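The values are calculated or read from the model by the stated rules, or taken from the named source; none is laboratory data. None of these values were measured; they are calculated from a predicted model. Note: ideal-geometry Cβ built from the backbone for every residue, glycine included; neighbour counts use all protein chains shown.
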Amino acid sequence: MPSESRRSERVAEAIREEVATFLAEDVKDPRIRGLVTVTGVDVTRDLRFARVYVSVMGSETERATTMQGLASVAGHLRARLGRVLRIRSAPEIQFKLDESIARAARIEDLLARLKAGKPTDDANSDEAD
């Protein structure tokens, strides 16, 4: 059993690298804009499904549009993975938005504002009670 786990981890890492390369160099869908970062990949043990976590910098509208574009290219990307990774049946790809980087940037901004003595956007919600 441990070899299956290691295999799915290896496949997940290979998928992460290939998806990142594809998004950086080969994607043609105009809906995919801005900075898109692949933050992780989870693959089922049977290698049938891969959940690809991406972080998208930009407005809420840009993120939604980019996620639509990513869903649209998932089939093309699946075929490409089959060829590149030389596996009989490439996993079905599902993109999920990972907001951890955006949250971290927001926290950094809030901490910098507090340190500088500037008011934060969230300060008024707790003071009203």
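Listed conditions (1) assigned to a helix (DSSP H, G or I); (2) modelled with pLDDT under 90 are all met by Asp29, apart from (1). Could you list, in sequence order, the residues of the stretch 32-50 that are part of a loop (DSSP other than H, G, I, E, B) and of a type in the set (S, T, N, Q)? Selection gives Thr44 alone.
When the stretch 32-49 is limited to residues that are more than 20 Å from Ile101 (Cβ to Cβ) and touching a residue at least 24 places away in the same chain (Cβ under 8 Å), the one that is surrounded by the most Cβ atoms within 10 Å (Cβ to Cβ) turns out to be Val43. Of the helices (runs of 4 or more DSSP H) contained entirely in the stretch 51-129, those carrying at least 1 residues that are surrounded by 12 or more Cβ atoms within 10 Å (Cβ to Cβ) and at pLDDT 85 or above fall at 60-85, 100-116.
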